[in-house]
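So the structure is just underneath, and the comments pick up after that.
Readers should treat all values here as calculations from the given coordinates under stated rules, not as data from a laboratory. Bear in mind the structure is a predicted one, so any value in this text is a computation, not a measurement. Glycine gets a Cβ as well: all are built from the backbone with ideal geometry, and neighbour counts include every protein chain shown.
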Amino acid sequence: MTAENLVSPDHIRSLFAQAMSQMYRAEVPLYGDLVELVAAINARVLAQDPALAQSLARTDDLERIDLERHGAIRVGTPAELAMLRRVFAVMGMFPVGYYDLAVAGVPVHSTAFRPVDAAALSRNPFRVFCSLLRLELIEDAALREQAADILARRNIFTDAAVELVAKAEAQGGLDEADAQRFVAQALETFRWHSDATVSLATYQQLHDAHRLIADVVSFRGPHINHLTPRTLDIDAAQDGMIAAGIDAKAVIEGPPRRACPILLRQTSFKALNEPVRFAGDGGVGSHTARFGEIEQRGLALTPKGRALYDQALEQARAAEGSTGNDYYARLEAAFAGFPDDWDTLRREGLGYFRYQLTDAGRALPAAERALPAEVLIERGLASADPVIYEDFLPVSAAGIFQSNLGGTEQRAYAEQANQAAFEAALGASVGDAFALYAGIEQASLDALAA
Ligand code: OOG
Ligand code: NI
């Protein structure tokens, strides 16, 4: 085997995202309807806004605009998480960020497996939000032990998937035939199983401890619980869902609609109630886990910008969370002081930008290009494009979790965030998102003068 035979991890990730999309559309037909709705809205936006269409044609692959940008799973044990890290690494996806959801009453902590460098992100940005159940948050000791026993007995990976991961690690990648086999085998881990591994009684007990615990523990594997295509107009998509009679979550998470989009806005249709056959007594019941989501991304914020975002969001939610008819009005009001033009966002150091010489800039002798970027921009010699946010938002993620746990389940765990325990389970530390964005910005600055 020579290095020339190996395909790029970006290619394997693209195959995987495509395979997941096909599988999930077949498993959850309503998700297919959502994808069609989003495609229609995206086409309309592009037809109405030729400037946007042109700019997307320059920076993105227009034909891939409607493709999935992320999915999510929840696993039960450190060993499952550690193996997933190796599976995703074959596809050029690495853990970035730590998200503590216990503060929001969800007994998990999470990371996102995603491509990290600019070239890989532009090839295919598909990422997987991956949560690890925190069994220590089950209060009932007997139930906690029972859940741990059940989890210890399952194997969520096929033997062939494990072998292909080892092969990829040993030879530094996979060839095309192995890549195809790998994707088919990896897919098995994320498939839905309508037959639970536990009895109805055990399911009920787990469910009473927390619906999410039942979801993680009761099945053969960590079924993909949603996929998320990109929409160019999330407000229109939310209205479109409601108009089509789809049971959408109440509000769009994240910042308000703005002239200059920042971070991430997302909404979903609520998880479906699906029939499940239980083990032992063979009882038939139902389970609520799987949904469809859409997202719209904008500027990646610096720590300074993020602090301003967190403060504004906190202000909007202070009184009654994200409920109430006037939530969007409160959100708009809270963000009124957040600059909403690219120049101010850049000059005040609120977001990350990618700098590039204009044609006039390229015509200059190298010595003159060494001017500060702001001077080059002022003189029309350089341009600055927003670096897009590639990560998740803990408050938004909690909102997505909550609306899909059905109803009003709200409990708070006193337990603190525990990144060290998460990383010990993962077998690696998680990447620092800010450092990644800063690196992309700095590389573009370095290239101006080069
Ligand atoms: C994950 C919810 C978080 C997002 O987009 O913020 C998420 C889950 O429900 O497992 O996917
Ligand atoms: Ni999501």
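Spherically averaged projected area of the convex hull of Cα atoms, region 79-198: 9.3 nm². Ordering PHE422, ALA382, GLY351 by Cα displacement along the dipole of the chain toward the positive end leaves PHE422 in first place; charges were set at the Cβ atoms of Lys, Arg (+1) and Asp, Glu (-1).
Under a model in which nothing but the beta-carbon of Lys, Arg (+1) and Asp, Glu (-1) is charged, region 102-252 shows a dipole of about 100 debye around its Cα centre.
Does anything in region 250-266 have its amide N under 19 Å from the 7 Å Cα→Cβ label point of GLN315, and if so which residues? Those under the cut-off are 254-264.
Couplings 3J(HN,Hα) of region 351-364, computed from phi: x, 9, 10, 10, 9, 8, 6, 7, 4, 4, x, 5, 6, 6 Hz, in residue order, whole Hz [Karplus 6.51 cos²θ - 1.76 cosθ + 1.60, θ = phi - 60°; x for Gly and Pro].
Between amide H atoms placed 1.01 Å from N, distances below 5 Å from THR358 occur with ALA382, SER383, all of them 5 or more places distant or on a separate chain. Extension gain for ALA363 to THR323 (0.36 nm times residue separation, less C-alpha to C-alpha distance): 8.9 nm. The tail of the calculated P(r) for region 346-450, taken as Cα-Cα distances beyond 23 Å, holds 53 percent of the pairs. Only lysines eight or more places from LYS249 in sequence, or on another chain, were considered; those with a Cα closer than 25 Å are LYS270. For region 273-278, the Karplus equation 6.51 cos²θ - 1.76 cosθ + 1.60, evaluated at θ = phi - 60°, returns couplings of 8, 10, x, 9, 9, 8 Hz by residue, with Gly and Pro reported as x. Placing +1 on the Cβ of every Lys and Arg and -1 on the Cβ of every Asp and Glu, with no other charges, gives the chain a dipole of roughly 100 debye about its Cα centre. Computed from backbone phi, the HN-Hα couplings of region 181-187 come to 5, 4, 4, 4, 6, 4, 4 Hz, rounded to whole numbers (Karplus: 6.51 cos²θ - 1.76 cosθ + 1.60, θ = phi - 60°; Gly and Pro given as x).
With helices as the sole contributors, the chain gives -14500 deg cm²/dmol at 222 nm; each DSSP H run of n ≥ 4 counts as -39500 (n - 2.57), and the sum is divided by every residue.
Report the charge-dipole magnitude of region 234-357 in Debye, nearest 20, computed about the Cα centre from +1 at each Lys and Arg Cβ and -1 at each Asp and Glu Cβ.
Value, rounded to 20: 380 debye.
Maximal additional length on extending the ASP33-ASP385 stretch stands at 123.4 nm, based on 0.36 nm per residue less the C-alpha distance. Going by amide H atoms built from the backbone, whose H comes under 5 Å of the H on THR197, apart from near neighbours? Those qualifying (amide H under 5 Å, at least 5 residues apart or on another chain) are PHE219, ARG220.
Show log10 I(q)/I(0) for the chain at q = 0.05, 0.07, 0.12, 0.14 Å⁻¹, two decimals, from a solvent-free Debye sum over equal Cα scatterers. Summing over Cα pairs of the chain leads to -0.19, -0.37, -1.10, -1.47. Rounded to the nearest 10 degrees, the angle from helix 141-153 to the longest Cα principal axis of the chain is 80 degrees.
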